[in-house]
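Notes for the one structure printed next.
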Amino acid sequence: MFDFRDLDRPIIGAPMAGGPSTPELAAAVTNAGGLGFLAAGYRTPEDLAAQLSAVSALTGGPIGVNLFVPDAFQPDPALLDAYVASLRPETEALGVEVGQPRYDDDGWDAKLSLVLDARPAAVSFTFGCPDSQVLKRMADAGILPIVTVTTSAEAEFAVAAGARALAVQGPGAGGHRGTLDQRSVPTDDRLEDTLAAVRSVTAVPLAAGGGVSGPSDVVRLRGAGADAVQVGTALLLADEAGTNPLHRAVLAGGQFAGTSLTRAYTGRYARGLTNRFILEHSDAPAGYPHLHYATAPLRKAAVAQGNADVAHLWAGTGFASARPEPAAKIVEALA
Ligand SMILES: Cc1cc2nc3c(=O)[nH]c(=O)nc-3n(C[C@H](O)[C@H](O)[C@H](O)COP(=O)(O)O)c2cc1C
């Protein structure tokens, strides 16, 4: 079975759903000696199948696939309704309607089958820990099952369920936090401290990520016990990334000073550039994927209209160091 310690360069190209992760980006990271990832989240199973076949034509090296674990959590209807109502002035200004809040499992069973058929080197899970049967099926098929965790308690739980490796995500990470329970407020503990705590409860290989902006971060996290370092934001401007033009422009343009953790867009905590929407909608309740669907038309319209005040602009705390370069150069520089 694949092991992070087999990589020529200890760098993992983080899965980034919503566009940035492409087969070209995943293959470029792998071909540079790291581990590239496809992001299956939000995609239809048909899309994922096409991406799996595209990536296999671009590289013969190890590839990972990332899946969102379904969470049957039911948001408080009164809080959900009030929040959805508060979005109306935003949607009216953009000329769209609020989306219908709803639950779905993101095509879980179909995507698991596709992964089992394609047998990538690794599969990583976020937004929860799959049951032990799922993790065992992956391991039995020779696919390294990785679970994303943010605390040592989550790490113990995931390893007990059958995770053979962990993606330990720190507070500076761009995009969604992988906390197993969406109702819990993500920890602010330093990634090195969480890594040390995780190391004290398990011997499985660890990838660590969140806020990595350069090679000194990689050295620091490797020194703190990480077998590989996972980077997302550093690859958002890579030539091969599918990052949308607005997201690229604001990352390259430097008009935002910082990032914030917010539930405003999806009902699950995620880190993005601190824009007006985040500042004015800090009252969003827990409710993923319900709020993801409620804000979908608004997010899509904001991106299409180039509206950075409203669009979701996921970024980690190291965003100012992202550079528009081939992914191989970014991986080489980090390693
Ligand atoms: C735009 C974007 C999308 C992301 N999408 C996913 C995803 O689909 N699945 C996942 O496990 N993590 C996702 N993440 C989180 C990354 O896996 C990783 O934890 C994070 O990028 C590391 O922090 P950094 O962005 O500071 O490098 C995403 C991050 C970003 C920036």
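Since every read-out is calculated from the coordinates, none of them should be taken as a lab result. If you're wondering where the values come from, they're calculated on a predicted model, not measured in any experiment. Cβ atoms come from the backbone with ideal geometry, glycine included; neighbour counts cover every protein chain shown.
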Checklist entry - At what distance in nm do the modelled label points of D140 and S184 sit from each other, each positioned 7 Å from its Cα along Cα→Cβ? => result 2.9 nm
Item to check | Calculated [θ] (222 nm, deg cm²/dmol) that DSSP helices of n ≥ 4 give over the chain, each run adding -39,500 (n - 2.57) | outcome: -11000 deg cm²/dmol
Item to check | Gain on full stretching of the segment that runs from D131 to V219 - 0.36 nm per residue minus C-alpha separation | outcome: 28.3 nm
Checklist entry - In whole Å, what is the distance between the alpha-carbon centres of segment 180-210 and segment 83-146? => result 21 Å
Checklist entry - Using a cut-off of 16 Å between alpha-carbon atoms, which aspartates and glutamates can reach K329, once sequence neighbours fewer than 8 places away in the same chain are excluded? => result D8, E24, D239, E240
Checklist outcome for this item: Semi-axes (Å, rounded, descending) of the ellipsoid equivalent to segment 150-306 per its C-alpha gyration tensor are 29, 20, 13
Checklist entry - Tell me which lysines have Cα within less than 29 Å of K136's Cα, excluding those fewer than 8 residues away on the same chain? => result K111
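Taking Cα pairs under 8 Å and at least six residues apart, what relative contact order does the chain come out at, in percent?
Relative contact order for the chain comes out at 22 percent.
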Checklist entry - Could you list log10 I(q)/I(0) for the chain at q = 0.11 Å⁻¹, which the Debye formula gives when each Cα is one point scatterer? => result -0.65
Item to check | Antiparallel bridges, percent of DSSP beta bridges restricted to the chain (to nearest 5) | outcome: 20 percent
Checklist entry - Using modelled amide H (1.01 Å from N, peptide plane; none on Pro or chain starts), what sits under 5 Å from the amide H of L144, excluding residues fewer than 5 places away? => result F2, A122, V123
Checklist entry - Using Cα-only point scatterers and the Debye equation, what is log10 of I(q)/I(0) for segment 226-309 at each q in 0.20, 0.23, 0.26 Å⁻¹, rounded to two decimals? => result -1.06, -1.27, -1.38
Checklist outcome for this item: One computes Rg over Rh for segment 280-335 from alpha-carbon atoms, with the Kirkwood Rh, and obtains 1.12
Checklist entry - When the convex hull of the Cα atoms of segment 21-142 is projected onto a plane and the area is averaged over all directions, what value comes out in nm²? => result 9.6 nm²
